[in-house]
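**Student:** Quick one: the structure is below, questions incoming.
Nothing in this text is a laboratory measurement; each read-out follows from the coordinates by a stated rule. What you are looking at is a predicted structure, and each value in this text was computed from that prediction instead of being measured. With ideal geometry, Cβ positions are generated from the backbone for all residues, glycine too; neighbour counts draw on all protein chains shown.
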Amino acid sequence: MGRFFKVFAFAAGVSIGAASAYADDLNIALIYGRTGPFESYAKQTETGLRLGLEYATKGTMTVDGRKINIILKDDQLKPDLAKAALAEAYEDDHADIAIGTSSSAAAIAMLPVAEEHKKILIVEPAVADQITGDKWNRYIFRTARNSSQDAISNAVAIGKPGVQIATLAQDYAFGRDGVAAFKQALAKTGATLVDEEYAPANTTDFTAVAQRLFDALKDKPGRKIIWVTWAGGGDPLDKVQDLDPGRFGIELSTGGNILPALAAYKRFPGMEGGAYYYYGLPKNAINDWLVAEHQKRFGAPPDFFTCGGFAAAMAVVTAVEKAKSTDSEALIAAMEGMDFDTPKGKMTFRKEDHQALQSMYHFKVRVDPALAWAALDLVDELKIEDMDIPIRNKR
């Protein structure tokens, strides 16, 4: 595949809505948070899904002779709506496979619905470890990275012998689980974790917590780093930087982010961390196509969740072509251990929990005056074998 096939109109061959779904077609339901604070994430996921299906089918929008229909359902980030939307997709819209959703809480609510209907659900882009952990069932596959992959890639990126690290995270499951995975991975790098600080998710004044972090690190020898993992508001990275950690020789680090959020990273030239995706990081023909087509059609490069929607599309097409069926048992047999190509290179659905193992990227921030956001330059691709991602499924 590549640039050799004709580029169709963006929605060519794809129908929207239940009225267009037919028994002989391949019906794919996309459940996403189109209404609410994750609207931009949802739009990216849909765009990526469409582009991915176009690429995977060489522009025909058919798989194994079956026309592809996309059925769109907005869950508004509400778990109850997500459950109802997925049930409706399976029962009324005859969805063969579903993809979703934008919120981890909504995705978790959807998992038992897939099990009840014995239908495949590909989770994208929700990241909570529980989805392929204690809430998982055999009908769930995830192309999105999980929270542990985020944390572990950051530990591998910045952890080196002699490096002293302290962490700042939100005081709830997201933050504590992320730090636990980071800590476990960091232990294998030779770096030392000297302090863990947690703050309420609604924190706006980080003075006290920053002082504790500075006190823990300032007299340590060698390179000193505060690693921040945070979701939502509060802006801890900027506010800790305002308190001048550099006077103690302390650097800041965090993971990658969507392009609008990377505007704030311009304040941190040279900062290093681990990223799921940035359009300039992967070096392969699929990403080249995605970047070029997205730029041509939308006047901007693809973002985090565009890549994720594209990966989900590639997984669907690869699975249906391999299984020669949309029967759930045939799909599960085809998908367990299945390799599939994405803008990030090869992904593999791990047999034990159906989590997609995938590359992550060690980056360094560079300020480019021509860009509205900070550029992320590749230091190293962290391949599947470079990261020990724990299996959290107890079944």
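**Student:** Excluding residues fewer than 8 places away in the same chain, name every one of the lysines whose C-alpha is closer than 22 Å to that of residue 239.
**Tutor:** Partners found: 218, 224, 266, 364.
**Student:** Quick one: Cα convex hull volume of the stretch 80-235, Å³ per residue?
**Tutor:** Taking only Cα atoms, the stretch 80-235 has a hull volume of 105 Å³ per residue.
**Student:** With the cut-off at 1.5 for a/c, could you classify the stretch 82-143 from its C-alpha gyration tensor as rounded, prolate or oblate?
**Tutor:** Prolate, because a/c is 1.5 or more and a/b exceeds b/c.
**Student:** Hey, what D do you get for the stretch 195-241 in µm²/s if you plug the Kirkwood alpha-carbon radius into Stokes-Einstein at 20 °C and 1.002 mPa s?
**Tutor:** 187 µm²/s
**Student:** Evaluated at 20 °C with a viscosity of 1.002 mPa s, what Stokes-Einstein diffusion coefficient in µm²/s does the stretch 287-330 have when Rh comes from the Kirkwood expression over alpha-carbon pairs?
**Tutor:** 180 µm²/s
**Student:** Write down Rg/Rh for the chain, rounded to two decimals, with Rg from the C-alpha atoms and Rh from the Kirkwood relation over Cα pairs.
**Tutor:** Result: Rg/Rh = 0.98.
**Student:** Now a separate question. How big is the Kirkwood radius of the stretch 304-359, worked out from every pair of different alpha carbons and given in Å to one decimal?
**Tutor:** Across the stretch 304-359, the inverse of the average 1/r is 11.3 Å.
**Student:** Show me 75-84, 43-52, 382-391, 274-283 ranked by packing, highest mean number of other Cβ atoms within 10 Å first.
**Tutor:** The densest-packed peptide leads the list: 43-52, 274-283, 75-84, 382-391.
**Student:** Also: Given H placed on each backbone N at 1.01 Å, which residues far from residue 127 in sequence or on other chains put an amide H within less than 5 Å of it?
**Tutor:** Those lying under 5 Å, H to H, from residue 127 are 104.
**Student:** How many angstrom separate the Cα center of the stretch 293-328 from the Cα center of the stretch 188-202?
**Tutor:** Rounded to whole Å, the Cα centres lie 35 Å apart.
**Student:** Now a separate question. Taking just the alpha carbons, could you work out the radius of gyration and Dmax for the stretch 27-92, both in angstroms?
**Tutor:** Values for the stretch 27-92 (Cα only, Rg and Dmax): 13.1, 38 Å.
**Student:** So, one more: Under a no-solvent Debye model with one identical scatterer per Cα of the stretch 215-257, what's log10 I(q)/I(0) at q = 0.20, 0.27, 0.29, 0.34 Å⁻¹?
**Tutor:** -0.65, -1.02, -1.11, -1.31
**Student:** Provide Rg and Dmax in Å for the stretch 228-319, with only Cα atoms included in the calculation.
**Tutor:** 16.4, 54
**Student:** Right, something else. How are the C-alpha pair distances of the stretch 154-286 spread across 5 Å bins, as whole percents from the shortest bin up?
**Tutor:** Bin by bin from 0 Å, the calculated values are 2, 10, 21, 23, 22, 14, 5, 2, 1, 0.
**Student:** Same structure again: By how many nm would the segment from residue 333 to residue 264 grow when fully extended, if each residue of separation counts as 0.36 nm and the alpha-carbon distance is taken off?
**Tutor:** The residue 333-residue 264 span can extend by a further 20.4 nm.
**Student:** Sorted by mean Cβ packing within 10 Å, highest first, what order do the peptides 94-101, 205-212 take?
**Tutor:** 94-101, 205-212
**Student:** Given the stretch 239-395 reduced to its alpha-carbon atoms as identical point scatterers, what log10 I(q)/I(0) does the Debye formula return at q = 0.21 Å⁻¹?
**Tutor:** Each listed q maps to, in turn, -1.33.
**Student:** If the convex hull of the alpha-carbon atoms of the stretch 325-395 is projected onto planes in all directions, what is the mean projected area in square nanometres?
**Tutor:** 7.3 nm²
**Student:** Then there's this: Below 15 angstrom from the Cβ of residue 160, what's the summed charge of the other residues (Lys, Arg +1; Asp, Glu -1)?
**Tutor:** Residues close to residue 160 contribute a combined charge of +1.
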